[in-house]
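Step one of this worksheet: look at the structure below.
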Amino acid sequence: MGVRLTGEPANRGGREPVTPWAENRVGAGAAVAFFMNPNSCRGQDPVRKAGSQKMRERSTVGIDVSKLRLDVGVVPGGEVLQFSNDVAGRASLIEWLKAKGVKAIGLEASGGYERDLIKALRQAGLPVRMVNPYRLRQYAKALGVLAKNDRIDARLIAQFVAELPTREPRHDPLTEQMAELVVARRQLSDDKVRLSNQLEHVRDPALRRMTTQRLRRIAADIVLLDKRLAEIVASNTELRTRDRLIQSICGAGPIYSYTLIALVPELADPTLDRRQLAALIGVAPYDDDSGRRNGKRAIWGGRAAVREVAYMAALSACIHNPVLRAHRQRLQANGTAPKQAIIAVARRMLGIVLALLRTGKEWDPKYA
């Protein structure tokens, strides 16, 4: 069973710094409380709505996942429990969550240690929400929480999920398997580039022979992963159709297709538009203006692993795809920098991919 750690942010024997907590915030059913700092002041009580008492009774839970344990924070209330991150601990946690009747359960990515917990929570029919770790850290800074430990993180996750929109993790065994293979392939490709660069400066014959053998082994492993990815796609009708549509674009190869299918499951969302997709991948330009100053637009954030593949696909399309090549030339003629033009092509390719998947029709240059 869980071991109660604390419900208060008090200093326990000097192990944790005192961190003022805004446990009662707007919508939590109590007066607004902000952090005590020179720039803050106490606000008014929130407006009470009839019939909202039942909603306030249900708690939101945040879980900070580590290799050995699960720290569970609850809002409102601020209590923190701890469970072991094993089969018995997860079973005890699920039993406690069902008894409590929680509104939502928030988790953040923890290098893979969260996968078994997400699977167990999903099988138990509990509402799981994923939290972006970067957004969570920025949220903590905005609240004035500078201290960081597992207990604080668990409460922060719960507060974040209670107040801000979050997403439910998508579950598809085949795409999850593809994602694991795609990530492994990217890691092998990075190792291949690193060893190839090192080989140029190696002088010892034995060391050169060892490095060459490792490069050959990596190249063979990449070929095996490519075959395995192709087998997974061929085994499923939906994946096979999506792969055919994506690769119908001149310049889009199998790695581009596999990466989008595996690492961008949001492509199946009918409400997703091309601008949201560009922002999700990290190829959307953001403004940087203030007053009379017009700053330089720049891309930021997104999924770097997908963006790297999209950039290389756009580079290939700029050479082999007449429509996209003309698009890049037109942009550069109007003063766009070369790499900015490639990013623009990558952004347009993503829009084309989204349109092809929606219509179910292959690429046709006449409608590009």
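The values are calculated or read from the model by the stated rules, or taken from the named source; none is laboratory data. Note that this is a predicted model, so its numbers are computed, not measured. Every residue, glycine among them, receives a Cβ derived from its backbone with ideal geometry; neighbour counts consider all protein chains shown.
Take region 69-91 and flag every residue that is modelled with pLDDT of 90 or more and assigned to a loop (DSSP other than H, G, I, E, B).
Within region 69-91, 85, 86 qualify.
Can you give me the number of residues within region 135-151 that are surrounded by fewer than 16 Cβ atoms within 10 Å (Cβ to Cβ) and within 16 Å of residue 62 (Cα to Cα)?
So in region 135-151, the residues surrounded by fewer than 16 Cβ atoms within 10 Å (Cβ to Cβ) come out as 135, 137-138, 141-142, 146-149.
Keeping just the survivors that are within 16 Å of residue 62 (Cα to Cα) gives 135, 137, 148-149.
Counting residues in region 135-151 that are surrounded by fewer than 16 Cβ atoms within 10 Å (Cβ to Cβ) and within 16 Å of residue 62 (Cα to Cα) gives 4.
Which residue is farthest from residue 247 (Cα to Cα), if the candidates are limited to region 328-340 and must be in contact with a helix residue (DSSP H, G or I) (Cβ under 6 Å, 6 or more places away or on another chain) and surrounded by fewer than 20 Cβ atoms within 10 Å (Cβ to Cβ)?
Of the residues in region 328-340, the ones in contact with a helix residue (DSSP H, G or I) (Cβ under 6 Å, 6 or more places away or on another chain) are 328, 331-332.
From what's left, surrounded by fewer than 20 Cβ atoms within 10 Å (Cβ to Cβ): 331-332.
Details: 331: 25, 332: 26 Å.
Among those that are in contact with a helix residue (DSSP H, G or I) (Cβ under 6 Å, 6 or more places away or on another chain) and surrounded by fewer than 20 Cβ atoms within 10 Å (Cβ to Cβ), it is 332.
Quickly run through region 242-257 and pick out the residues that are in a helix (DSSP H, G or I) and over 24 Å from residue 300 (Cα atoms).
Of the residues in region 242-257, the ones in a helix (DSSP H, G or I) are 242-247, 254-257.
Scanning region 242-257 gives 242, 243, 244, 245, 246, 247, 254.
Considering each of 283, 264 in turn, give the residue that is buried (at least 16 other Cβ atoms within 10 Å of the Cβ) and either more than 19 Å from residue 243 (Cβ to Cβ) or small (Gly, Ala, Ser) (or both). Before the answer, list the steps.
Details: 264 fails: either more than 19 Å from residue 243 (Cβ to Cβ) or small (Gly, Ala, Ser) (or both).
Within the list 283, 264, the selection yields 283.
Here's the yes/no breakdown for (1) of a type in the set (Gly, Ala, Ser); (2) in a loop (DSSP other than H, G, I, E, B); (3) at pLDDT 90 or above:
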residue: 138; (1), (2), (3): no, no, yes
residue: 142; (1), (2), (3): yes, no, yes
residue: 170; (1), (2), (3): no, yes, no
residue: 179; (1), (2), (3): yes, no, yes
residue: 185; (1), (2), (3): no, no, yes
residue: 188; (1), (2), (3): no, no, yes
residue: 195; (1), (2), (3): no, no, yes
residue: 211; (1), (2), (3): no, no, yes
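Given 259, 212, which one is buried (at least 16 other Cβ atoms within 10 Å of the Cβ), touching a helix residue (DSSP H, G or I) at 6+ places or on another chain (Cβ under 8 Å) and not small (Gly, Ala, Ser)? Walk me through it before giving the result.
Values: 212 fails: buried (at least 16 other Cβ atoms within 10 Å of the Cβ).
Checking each option against the conditions leaves just 259.
Tally up the residues in region 287-337 that are outside any loop (DSSP other than H, G, I, E, B), under 25 Å from residue 249 (Cα atoms) and among the polar types (S, T, N, Q), please.
Start the filter on region 287-337 by keeping residues that are outside any loop (DSSP other than H, G, I, E, B), which leaves 289-290, 293-294, 298-299, 304-320, 322-333.
Add one more test, that the residue is under 25 Å from residue 249 (Cα atoms), and what stays is 299, 304-320, 322-333.
Still in the running and among the polar types (S, T, N, Q): 316, 329, 332.
Total satisfying the criteria: 3.
Regarding residue 94, is this residue within 26 Å of residue 173 (Cβ to Cβ), touching a residue at least 40 places away in the same chain (Cβ under 8 Å) and in a helix (DSSP H, G or I)?
no
Would you mind telling me which numbered condition in (1) without any contact (Cβ under 8 Å) to a residue 60 or more places away in the chain; (2) out of contact with any Gly (no Cβ under 9 Å at 6 or more places or on another chain) residue 105 fails?
Among (1) without any contact (Cβ under 8 Å) to a residue 60 or more places away in the chain; (2) out of contact with any Gly (no Cβ under 9 Å at 6 or more places or on another chain), the lone unmet condition for residue 105 is (2).
Going through 272, 260, 229, 239 one at a time, which residue ends up being within 24 Å of the chain's Cα centre (by Cα), part of a loop (DSSP other than H, G, I, E, B), at negative phi and aliphatic (A, V, I, L, M)? Even if it seems obvious, please write down each step before you answer.
Working: 260 fails: part of a loop (DSSP other than H, G, I, E, B); 229 fails: part of a loop (DSSP other than H, G, I, E, B); 239 fails: part of a loop (DSSP other than H, G, I, E, B).
Going through 272, 260, 229, 239 in turn, just one is within 24 Å of the chain's Cα centre (by Cα), part of a loop (DSSP other than H, G, I, E, B), at negative phi and aliphatic (A, V, I, L, M): 272.
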